[in-house]
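Student: The following block contains the structure, expressed as structure tokens.
The values are calculated or read from the model by the stated rules, or taken from the named source; none is laboratory data. These numbers come from a predicted model, not from an experiment. In this analysis, Cβ positions are derived from the backbone assuming ideal geometry, glycine residues included, and neighbour counts consider all displayed protein chains. Surface areas here come from the heavy atoms of the whole protein model, side chains and all, with no ligands, DNA or RNA. Shrake-Rupley method; radii C 1.70, N 1.55, O 1.52, S 1.80 Å.
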Amino acid sequence: MVQLIKDIKRIGDGKSVTFGALFDDEQVQDFYEALIGTLKGAKKKKLIDFPGQFLLKGQHDKVEIILVEGGKPLKERKTTPLSAPISPVAPGMTKVAFRSAVIATKFSSSFSPRSSPKRNATCAGISNKDIIKPSDLPAILESMPRWCQTTCNGVPVIRYSFRAKDFASAMIFLNEVAEIAETEGHHPDLHLTNYREVGIILYTHKVKGVTPLDVALAKLIDKINVEPRVKR
């Protein structure tokens with residue numbers, strides 16, 4: 001959290017910064033694997049303030065993130081973009097993607113934060129020595145029948161795919177995964193094709209291999225109950 005405050009002061013005016021400026025900063029992109037989760041945690045600790053609970057790139061770029069000291073924001077908020085109705089499609093976003101984002105927002109209200117021993121874990125302390133050998137993965141996956149061992153662009157990964165009942169069910173599931181990923185500070189590659197074909201690829205991007213972080217996240221994803229699901 002100390003680094004986040006330093007970055008807000010460095011990029012902004014010393015008291016605040018826009019989400020877009022913070023998100024696009026190269027140093028921020030290199031340092032934080034879960035910036036949105038970090039912002040959410042800092043707001044909960046009353047270190048910063050911004051409207052709403054989540055900030056989305058493109059939609060909330062102009063939202064001010066204001067530093068808080070002694071329980072009070074360091075400046076008054078000039079604008080509250082989150083209160084405005086969402087209508088325009090963000091630059092670079094197709095109408096289909098925009099519709100998916102709106103549907104995702106619709107379903108997000110049903111989520112509840114999860115807890116686990118690895119809550120708020122990040123890849124900061126992960127190194128190549130933590131990579132699970134491909135020869136050891138089959139034994140680990142025996143207790144995780146939904147997941148299979150494969151490769152993606154030459155990188156060992158674990159993969160889970162299924163066909164959801166419909167598009168809405170697929171989006172509910174993916175948003176549940178997003179909620180868990182933000183809580184854990186570790187993120188999978190998510191795929192949605194043919195409107196209900198869901199695919200999840202897990203590996204630790206920093207070391208280009210499967211680590212215990214991926215196994216732990218896969219087990220949390222397995223607890224999501226979206227029926228029916230047909231494995232592909």
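Student: Of the residues Gly20, Gly12, Gly58, which single one is under 21 Å from Lys75 (Cβ atoms) and open to solvent by 20 Å² or more (accessible area, probe 1.4 Å)?
Tutor: Details: Gly20 fails: open to solvent by 20 Å² or more (accessible area, probe 1.4 Å); Gly58 fails: under 21 Å from Lys75 (Cβ atoms).
Going through Gly20, Gly12, Gly58 in turn, just one is under 21 Å from Lys75 (Cβ atoms) and open to solvent by 20 Å² or more (accessible area, probe 1.4 Å): Gly12.
Student: Within region 143-155, restricting attention to residues that are out of contact with any Gly (no Cβ under 9 Å at 6 or more places or on another chain) and not in a loop (DSSP other than H, G, I, E, B), which residue is most open to solvent (accessible area, probe 1.4 Å)? Let's see the steps before the verdict.
Tutor: Start the filter on region 143-155 by keeping residues that are out of contact with any Gly (no Cβ under 9 Å at 6 or more places or on another chain), which leaves 143-154.
So of that shortlist, the ones also not in a loop (DSSP other than H, G, I, E, B) come out as 148-152.
Details: Cys148: 57, Gln149: 77, Thr150: 50, Thr151: 93, Cys152: 43 Å².
Looking at residues that are out of contact with any Gly (no Cβ under 9 Å at 6 or more places or on another chain) and not in a loop (DSSP other than H, G, I, E, B), I get Thr151.
Student: Next up: Can you name the residue in region 157-202 that is in contact with a Gly (Cβ under 6 Å, 6 or more places away or on another chain) and of a type outside the set (Gly, Ala, Ser) and, of all such residues, is most open to solvent (accessible area, probe 1.4 Å)?
Tutor: His191
Student: Let me ask something additional. Give just the number: which of (1) more than 20 Å from the chain's Cα centre (by Cα); (2) part of a strand (DSSP E or B); (3) under 19 Å from Val210 (Cα atoms) does Ile158 not satisfy?
Tutor: Failing condition for Ile158: (1).
Student: Starting from residues that are closer than 12 Å to Lys62 by Cβ and under 16 Å from the mean Cα position of the chain (by Cα), keep the ones in region 16-42 and report whichever is modelled with the highest pLDDT.
Tutor: The qualifying residue modelled with the highest pLDDT is Phe19.
Student: Ile201: assigned to a loop (DSSP other than H, G, I, E, B), of a type in the set (Val, Ile, Thr) and in contact with a strand residue (DSSP E or B) (Cβ under 8 Å, 6 or more places away or on another chain), yes or no?
Tutor: No: the conditions fail for Ile201.
Student: So, one more: When you check His191 against the structure, is it part of a loop (DSSP other than H, G, I, E, B) and not basic (Lys, Arg), yes or no? Write out each step before concluding.
Tutor: On the way: part of a loop (DSSP other than H, G, I, E, B): no; not basic (Lys, Arg): yes.
No; evaluated as a whole, the condition is false for this residue.
Student: Please identify the pairs in which a residue from region 43-61 that is closer than 13 Å to Val17 by Cβ and at pLDDT below 80 has its Cβ atom under 6 Å from the Cβ atom of a residue that is aromatic (Phe, Trp, Tyr) and crowded, with 18+ Cβ neighbours inside 10 Å, counting only partners at least 6 apart or on another chain.
Tutor: Between residues of region 43-61 that are closer than 13 Å to Val17 by Cβ and at pLDDT below 80 and residues that are aromatic (Phe, Trp, Tyr) and crowded, with 18+ Cβ neighbours inside 10 Å, the close pairs are Leu55/Phe19.
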